[in-house]
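The values are calculated or read from the model by the stated rules, or taken from the named source; none is laboratory data. Everything numeric in this text was worked out from a predicted model, so none of it was measured. Virtual Cβ from ideal backbone geometry, glycine too; neighbours counted across all protein chains shown.
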Amino acid sequence: TQPPSYRAAASRKTQLHRHYLSLLRSTPLMLLFQHNNVRATEWVALRRELSTQLAKLGLTDDPITPHIKVTILRNGVFDAAVKIADHFDKKDDPLHATSKKAYFKTYKRSHKLKALLSGPIGCVTFPDVSPEHLKVVMDLMFPAGKPMKGLDPAARQGLDKLILMAARVDGHVAGKMGKAEVMDRSKIAWVSALPGYEGLRSQIVAVLQTMGGGDLVRNLESIPVGVVRTLDGHRKNMAGEFE
């Protein structure tokens, strides 16, 4: 059973609005791009190449790659969803964000992506901010120089028709409603150049060992063992096992 909606609940626009709002509230990073007359066969080839390139990361139990999606947007509906995501707090209406209250509270508001929602627009959504995955997407879909070699010709033709507009970092992920930030290409490239989680962990360990922090690392690793031994000793003492 669907909750009451200001618009017709069964209409295509209402369903899209809910879908876009769900994306906006659950996606910490979203790349927005313009696409110009990309054919259906080119989209299929492009998505296939994206899956292939992400698989080359070789990450085991990768929770991010399966959820990186390319979506074509309807600008008017997406615009309304962004207004809700940025300016309507769920606490204002416990039912949902397609209510009459949500509509009248936000329909005159603006947002930072407003100027970009012109012409055919699409997005790439990420379930988490991972520089490794972002770099793969950037290198394939929005290369700064020449495109990758060995791509499917259909994918290559489709990629030539894509223009990166901006990235949206969602404020809801950080618990800050209305604080979504928009990044330009230079900032996106800077984030994609950062090392991944494993790389950062390795760098921290290397720095600690270089600066004589080997003892600190060993001490930190021994803390759980010490706690277990202390608790076990306390248990035996209470049970009279030392007598």
Next item on the list: May I ask you to list the residues in the stretch 45-86 that are touching a Cys at 6+ places or on another chain (Cβ under 7 Å) and hydrophobic (A, V, I, L, M, F, W, C)?
Entry: 73
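Condition (residue is in the same structural domain as residue 188 (by TED's automatic domain parsing), modelled with pLDDT of 85 or more and in contact with a Phe, Trp or Tyr (Cβ under 9 Å, 6 or more places away or on another chain)) applied to the stretch 40-62: is it met by at least one residue?
Scanning the stretch 40-62, I find no residue that is in the same structural domain as residue 188 (by TED's automatic domain parsing), modelled with pLDDT of 85 or more and in contact with a Phe, Trp or Tyr (Cβ under 9 Å, 6 or more places away or on another chain), so the answer is no.
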Check: For the stretch 35-69, what are the residues that are β-branched (Val, Ile, Thr) and over 20 Å from the mean Cα position of the chain (by Cα)?
Finding: 38, 41, 44
